[in-house]
Structures are given as structure tokens and as C-alpha cells.
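Q: A single structure is presented below for examination.
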Amino acid sequence: MDTPVAAPPPRTEAEALAVQDRLRPLVDLAGPGPAAPATVAGLDVAYAESGDRLAAAVTVLDARTLAVVDQAVSVGRPAFPYVPGLFAFRELPALLAALELLTVRPELLVCDGHGLAHPRRFGLACHLGVVTGLPAIGVGKTPLVGRWEPPAGARGAWSPLCDGGEVVGRVLRTRDGVKPVFVSVGHRMGLGNACARVLALTPHYRLPETTRTADRLCRAALASRSGV
DNA sequence: GCGACAG
DNA sequence: ATCTTGTCGC
């Protein structure tokens, strides 16, 4: 079946840039997005030390209890070299394959990386959102672009992440006195709501439970050499 | 020209 | 991302 945003996998950086240029206008910034999604998905990828094999995992959590209600993994090869700004092309195919295996359609995607906080405003979270049509947000552990000041020390404190004269995300403290995370909109979500979702997903640790469960799943898949 | 640079 | 031990603190 045709996908409205189907794009041939790029083989060169120039082709990848062209794909981003074509898909970027499709990002929905209307927001505010679901304030009380029933299910939230976490996506993450783990690499073999050789770097030639990867496992992509998606875990779907009950947004209220944070219990895992569905999950899927796909093993494959990196689809593109790692290039800051073109990171999505590396993991996207495997992540989409894992999403296809789900039996539960999540209401929000929480991506391991950035959304609008990207040099061309089209990071992994935007890409995944546009391709799937689902609301999506990005939660990065380190910044890619932008200037920012450290937020106050208490959980919930935040400061704007600014780049090119615009606010592209927020630096959000999810735990008291612990290094903050970088939240940005991916698709069909507002920035304030995105941060509220992240805080709801971090009752115990710095990173969202969605990211943590997906991280464990793809690591386990690699360790068991699934797909071999 | 020199650094910076999601995972 | 991944390679890695101990160590400081609650």
C-alpha cells in the first residue's frame, strides 16, 4: 500500500538532505497534541561493537501505569553512516520495521534523539512522526544545536533551547540535581505538552520509562544474537 | 581556517 | 552508539 510520504532510501548525503527538504513541510506543528494518551511508545537502537549490526526496539507502555503492554524488535544493519543531522537515516528503517510488528497502535512516540532541535528542523522525531502520522517528540541526552542556560535544580525546571532566533526545544530537569534532558517537538505536539509527557514518564529516573524499556529490549536482542 | 557535532 | 572500575552519595 502506498504511503503518502514514501521516500526511497538515500545513498548519499545529498540525497538524504533532499529527503529532509521534501518531508520537512509535512511536519504538523499545530499541537497541543494528546494531553492524556492511553499508550506511549519508546524507541531505541543498540549497536553491536563491530558496528555492522543493530537491533531496533519499540515498547508500548500504558501511559498511566507505565506497564509494558506491547513490544517489538527488528535486527538489521545501519542504513546510513552516522552523520550529525542525518542521524535518522541510520536507524529509521529498523525502527519502522519494529513499529510494523506492533499489535497496539501507540498514541505517542517518544524518540531517542531530537525533533525540531535540529540544524534543519527535521530530526529523528520529526521524521518518525511524519512517516507514521503519529504524534512524536524527541528526548535527547545531549544537545545537537542551540544555546541554553542550565535550568534550576529542581525536577520540572526548564530553560529554552534557542537556535537561529527561535525556540527549538526545552532543557528539562527530570530529576532533582541531575543533568537535564533536551526535549523538542517532533510531530503533532506542542512543546509544553511534550515536556508534560516527559515528566509523566520520569517518576524515578532521568530518562523516560519508554526509553529505558526500549533500551533494555534492543540490548537483550543483540545479546541473544536474534536474527542470526 | 578551527571547532562542534543527536546515536 | 560502544569500550570500561571504581567510587561517591542517598
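The values are calculated or read from the model by the stated rules, or taken from the named source; none is laboratory data. The structure displayed is predicted, hence computed values, not measured ones. Every residue, glycine as well, gets a Cβ built from its backbone with ideal geometry; the counts of neighbours run over all protein chains shown. Remember, those area values only see protein heavy atoms, side chains included, never the ligands or the DNA or RNA. Shrake-Rupley method; radii C 1.70, N 1.55, O 1.52, S 1.80 Å.
Q: From the helices alone, meaning DSSP H stretches of at least four residues, give me the mean residue ellipticity at 222 nm for chain A, per-run term -39500 (n - 2.57), in deg cm²/dmol to the nearest 500.
A: It lands at -8000 deg cm²/dmol.
Q: With a 10 Å radius around each residue's Cβ, average the other Cβ atoms per peptide and rank A:186-193, A:151-158, highest first.
A: Order by mean packing, descending: A:186-193, A:151-158.
Q: If you project the alpha carbons of segment A:1-50 onto the principal axes, what extent comes out on each, in Å, largest first?
A: 40, 35, 24
Q: For A:Val104 paired with A:Ser159, estimate the spin-label separation in nm (one decimal), with each label point 7 Å from Cα along the Cα-to-Cβ line.
A: The modelled label-to-label distance comes out at 3.7 nm.
Q: Give me the dipole magnitude in Debye, nearest 20, for segment A:84-228 about the Cα centre, with unit charges on the beta carbon: positive for Lys and Arg, negative for Asp and Glu.
A: 260 debye
Q: Leaving out ligands, DNA and RNA, and with a 1.4 Å probe, what % of the accessible surface on chain A is carbon or sulfur?
A: Here carbon and sulfur together make up 55 percent of the probe-accessible area.
Q: Towards the positive end of the charge dipole of segment A:164-228, with charges on Cβ (+1 Lys, Arg; -1 Asp, Glu), say which of A:Ala223, A:Val167, A:Val178 has the farthest Cα.
A: So the residue we want is A:Ala223.
Q: Given labels modelled 7 Å from the Cα in the Cβ direction, how far is it in nm from A:Glu49 to A:Arg120?
A: Output for this residue pair reads 3.6 nm.
Q: Once both labels are modelled 7 Å past Cα along the beta-carbon direction, what's the A:Tyr205-A:Ala97 spacing in nm?
A: Each label point is offset 7 Å from its Cα along the Cβ direction, giving 2.5 nm.
Q: Using the Kirkwood radius over Cα pairs, work out the Stokes-Einstein diffusion coefficient for chain A at 4 °C and 1.567 mPa s, in µm²/s as a whole number.
A: Translational D for this selection: 74 µm²/s.
Q: Can you name the helices of chain A, as whole DSSP H runs, whose Cα span along the helix axis is 20 Å or more and whose Kyte-Doolittle mean is not below -1.0?
A: Helices passing the filter in chain A: A:209-223.
Q: Give me the extension gain from A:Asp62 to A:Val5: residue separation times 0.36 nm, minus the current Cα-Cα distance, reported in nm with one decimal.
A: Extra length from A:Asp62 to A:Val5 when fully extended: 17.7 nm.
Q: For a Förster distance of 25 Å, can you work out the FRET efficiency between the beta-carbons of A:Leu26 and A:Glu166, rounded to the nearest 0.05?
A: Between A:Leu26 and A:Glu166 the formula returns 0.85.
Q: Next question. How high is the FRET efficiency between A:Ala220 and A:Ala152 when r is their beta carbon distance and R₀ equals 45 Å, given to the nearest 0.05?
A: So the FRET efficiency works out to roughly 0.75.
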